[in-house]
Amino acid sequence: MEPLVDTIIEDPRWEGVGLAALASRACAAGLAHLGLPAQGFTLCLMGCNDARIATLNADFRGKPVPTNVLSWPSDERGADLAGGVPEAPTPGPSDDPESLGDIAIAWETCAAEAEAAGKPMAEHVTHLVIHGLLHLLGYDHIDDTDATLMETTEARILETLGVTDPYR
């Protein structure tokens, strides 16, 4: 069973990569890798453009520029110690799954990054959805030990999906 990913498409170009199905598959793989049941959680994913994400980045981070992905966890789930694994959230019942939070992803930035890296758009977006999911689950990359944990976790999840390690 896949997690409930409420996908909102603001930019129709996202339809071309099948964002909703891609996100459901990526989130299911991420939760499974972490030993969490997909059916107990929900999150919202917005596929937007650079203008929209620049506004969100300005409003929430004080950086009025586009970025590839932003996330807003529903709760603080970070580890107490740098480099520590965040405490896993408790799943909700099937009729009231636990909300993990929201993710926004920008078309132009993602497309430019995929092209520059010579990667298929779907693979790059899968990586960014997993990156956003891990942020919702309390992972971060503020310091080197946290970044190493998060990147290693991303790479292992991506491997289960047949996607090459983006950090190699």
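The values are calculated or read from the model by the stated rules, or taken from the named source; none is laboratory data. The model shown is predicted, which means the values in this text are computed figures rather than measured ones. We place every Cβ from the backbone using ideal geometry, glycine too, and count neighbours over all the protein chains shown.
Observations, loosely collected:
- Residues that are surrounded by fewer than 17 Cβ atoms within 10 Å (Cβ to Cβ), among the hydroxyl-bearing types (Ser, Thr, Tyr) and under 21 Å from residue 24 (Cβ atoms) within segment 89-122 comprise just one, 94.
- Test: residue in segment 136-153 that is under 20 Å from residue 8 (Cα atoms) and either in contact with a Lys or Arg (Cβ under 8 Å, 6 or more places away or on another chain) or crowded, with 22+ Cβ neighbours inside 10 Å (or both): yes
- Residue within segment 74-97 that is in a helix (DSSP H, G or I) and either under 26 Å from residue 13 (Cα atoms) or not hydrophobic (A, V, I, L, M, F, W, C) (or both) present: no
- Residue within segment 78-88 that is crowded, with 18+ Cβ neighbours inside 10 Å, modelled with pLDDT of 95 or more and under 16 Å from residue 157 (Cβ atoms) present: yes
- Count - residues of segment 1-42 that are closer than 20 Å to residue 110 by Cβ and among the polar types (S, T, N, Q): 2
- Taken over segment 50-66, the criterion of being in contact (Cβ under 8 Å) with a residue 12 or more places away in the chain and under 16 Å from residue 132 (Cα atoms) is satisfied by 53, 56, 57, 60, 66.
- Condition met for residue 126 (over 14 Å from the mean Cα position of the chain (by Cα) and either at pLDDT below 95 or not small (Gly, Ala, Ser) (or both)): no
- Given (1) of a type in the set (Ser, Thr, Tyr); (2) over 14 Å from the mean Cα position of the chain (by Cα); (3) in a loop (DSSP other than H, G, I, E, B), index of the condition residue 67 fails: (2)
- Members of segment 120-168 found to be part of a loop (DSSP other than H, G, I, E, B), without any contact (Cβ under 8 Å) to a residue 40 or more places away in the chain and touching an Asp or Glu at 6+ places or on another chain (Cβ under 8 Å), listed by number: 141, 165, 167
- Residues (within 22 Å of residue 32 (Cβ to Cβ) and of a type in the set (S, T, N, Q)) located in segment 65-100: 71, 74, 90, 94, 99
- Selection status of residue 60, among the aromatic types (Phe, Trp, Tyr), more than 18 Å from residue 125 (Cβ to Cβ) and in contact with a helix residue (DSSP H, G or I) (Cβ under 8 Å, 6 or more places away or on another chain): no
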